[in-house]
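Below is one structure, written out as structure tokens; the observations come after it.
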Amino acid sequence: MESSHVLCQYSLRSMLFTNDGNMIIIVHNSASPACRRLFRTICIVMAIDVSGWTITTIILFLVFGSNLREGTQFALHYFAGLAVNSAIAFKAIVYYLT
């Protein structure tokens, strides 16, 4: 037998019936805690990735715009890539903790 798992669900809260027979539906779309957790994790990971790429781009822009020796440019070019790689490595921690 196969079971289905729902990760995100929205719920219809209540239906009210008035004395004159009219029906009032009160809809309150609230996300499940698992869905909120999922979207929060995605937002944190996206912010970390964008920050890593932005830091790398700024460092590379400054390195190539400066008048440094070739060896120094190579070292700073290598250093610039650490921001992106750190952001990628940090994803596992974010997925685990949030």
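Of note:
- Heavy-atom accessible area per residue - the stretch 57-98, 1.4 Å, Å²: 79 Å²
- Fraction of accessible area attributable to carbon and sulfur, the stretch 46-93 (%, probe 1.4 Å): 74 percent
- Length available on full extension from residue 44 to residue 79: 0.36 nm per residue minus the Cα-Cα distance, which gives 10.2 nm.
- Spin-label pair residue 86-residue 68: with each label point 7 Å from Cα along the Cα-Cβ axis, the two points sit 1.6 nm from one another.
- Sorting the segments 82-91, 63-72 by their mean number of nearby beta carbons within 10 angstrom, highest to lowest, gives 82-91, 63-72.
The values are calculated or read from the model by the stated rules, or taken from the named source; none is laboratory data. All values reported here derive from a predicted model rather than from experimental measurement. Because the Cβ atoms are built from the backbone with ideal geometry, glycine has one as well, and the counts that use them run over all protein chains shown. Heavy atoms of the whole protein, side chains included, go into the accessibility calculation; ligands, DNA and RNA do not. Shrake-Rupley method; radii C 1.70, N 1.55, O 1.52, S 1.80 Å.
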